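Chemist: This is the structure I want to talk about, given as structure tokens.
The values are calculated or read from the model by the stated rules, or taken from the named source; none is laboratory data. Quick caveat, the model's predicted, so the values are computed rather than measured. As a convention, Cβ positions derive from the backbone with ideal geometry for all residues, glycine included, and neighbour counts pool all protein chains shown. Heavy atoms of the whole protein, side chains included, go into the accessibility calculation; ligands, DNA and RNA do not. Shrake-Rupley method; radii C 1.70, N 1.55, O 1.52, S 1.80 Å.
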Amino acid sequence: MHPPEQRRPQPWPIRLMHWANVPLLAILAASGLQILAAYPRMGPRGHAYALYPFQGAVPPSWLRLGDWLAGARAWHFAFGWFLALNGVVYVLYLAFSGEWRRRLFLPHRDARDAVATLAYYLRIRPAPAQVGLYNGLQRLAYTSALVLGALSVLSGLALHKPVQLRWLTSLFGGYDPARAVHLLLLALLAFFTVGHVVLVALHPRTLGEMVTGGRKPHV
């Protein structure tokens, strides 16, 4: 296996797992909103949840999948396992291929560049020189998405098996807080998706590379 710096910008396993996430996340988001519609309250036994401003609001039908609670749960938990498997394979690939060096956020290497890049996007300062496949802000965004995905799976398991995995549910503060966390993670992933699209628009070359793999560097 070639060292990361001698590979194409986007090796085929990365591209395969990246595009697999698109339908998986869409199905999980839509079925999750259908589950929420069955009981659109965050507090225990219907009591108000102070930090949730949409108490009782039902997501629009065009955003939901599953038609009813049992159908939505079937979609959600079936495809949740595929998302978890995709994530595990992705992490293992990063670890054993060495790709983590190019893609994960390392504070000692990327923190200053992330701040400088954000300042450039805000038109505060000139663009910093990019070193490597991604700039520091991109690495921070993609690493954050990986963490959000892992927390989504864990909080989903806490909701799926609150008795068998009571230790996990208790880590989230109980069933109702775990439900609120799970919904918050969905919102954060949606926010990441918007930011991801914006970054791709600012760096259109990355879209082509995620389709073709890009050109192999000359060594």
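Chemist: Binned at 10 Å from 0, what are the whole-percent values of the Cα-Cα distance distribution for the chain, short to long?
Modeler: Per 10 Å bin, starting at 0, the Cα pair percentages come out as 7, 28, 31, 21, 11, 1, 0.
Chemist: Quick one: among 146, 154, 165, which has the greatest mean-square fluctuation in a GNM of the chain with alpha-carbon springs under 10 angstrom?
Modeler: In this elastic network of the chain, the residue with the biggest mean-square fluctuation among 146, 154, 165 is 165.
Chemist: Here's a follow-up. Which value, in Å² and to the nearest 10, is the accessible area of residue 120 when all protein chains are kept and the probe is 1.4 Å?
Modeler: Estimated to the nearest 10 Å², residue 120 gives 90 Å².
Chemist: Separate question: What is the percent carbon and sulfur in the accessible area of the chain, measuring with a 1.4 Å probe over the protein chains and ignoring ligands?
Modeler: Ligands and nucleic acids excluded, carbon and sulfur give 71 percent.
Chemist: How large is the helix-only mean residue ellipticity at 222 nm for the chain, computed as the sum of -39500 (n - 2.57) over DSSP H runs with n ≥ 4, divided by its residue count, in deg cm²/dmol to the nearest 500?
Modeler: That calculation yields -22000 deg cm²/dmol at 222 nm.
Chemist: What is the sum of charges, Lys and Arg at +1 and Asp and Glu at -1, for the other residues whose Cβ falls under 14 Å from the Cβ of residue 76?
Modeler: +3
Chemist: Would you mind telling me which residue in 104, 28, 118 has the biggest mean-square fluctuation in a Gaussian network model of the chain, where springs connect alpha carbons within a distance under 10 angstrom?
Modeler: Maximum among the listed residues: 118.
Chemist: So how tilted is helix 12-38 from the main axis of the chain? Cα-based, degrees 0 to 90, rounded to 10.
Modeler: Value to nearest ten degrees: 20.
Chemist: Here's something else I'd like to know. Near residue 91, within a Cβ-to-Cβ distance under 15 Å, what is the net charge of the other residues, with Lys and Arg +1 and Asp and Glu -1?
Modeler: So the surrounding residues net to +2.
Chemist: I would also like to ask the following. Heavy-atom accessible area per residue, segment 19-117, 1.4 Å probe: how many Å²?
Modeler: In whole numbers, segment 19-117 has 61 Å² accessible per residue.
Chemist: What's the longest uninterrupted piece of the chain once you rule out the trypsin sites (Lys or Arg not before Pro) that are loop residues per DSSP with at most 10 other Cβ within 10 Å? Kindly include the intermediate steps, with their values, before the conclusion.
Modeler: Working: sites that count: 123, 215.
With trypsin sites (Lys or Arg not before Pro) excluded where exposed in loops, the chain gives 1-122 as its longest stretch.
Chemist: Further question: Which value results for Rg/Rh of segment 41-166 when Rg is the Cα radius of gyration and Rh the Kirkwood radius based on the inverse mean 1/r?
Modeler: A ratio of 1.09.
Chemist: What is the sum of charges, Lys and Arg at +1 and Asp and Glu at -1, for the other residues whose Cβ falls under 14 Å from the Cβ of residue 137?
Modeler: Local charge sum for residue 137: +3.
Chemist: Please state the charge dipole magnitude for the chain, taken about the Cα centre, from unit charges on C-beta atoms (+1 on K and R, -1 on D and E), reported in debye and rounded to the nearest 20.
Modeler: Working: 21 positive and 7 negative charges, 66 e Å.
Taking the Cα centre of the chain as origin, the dipole is about 320 debye.
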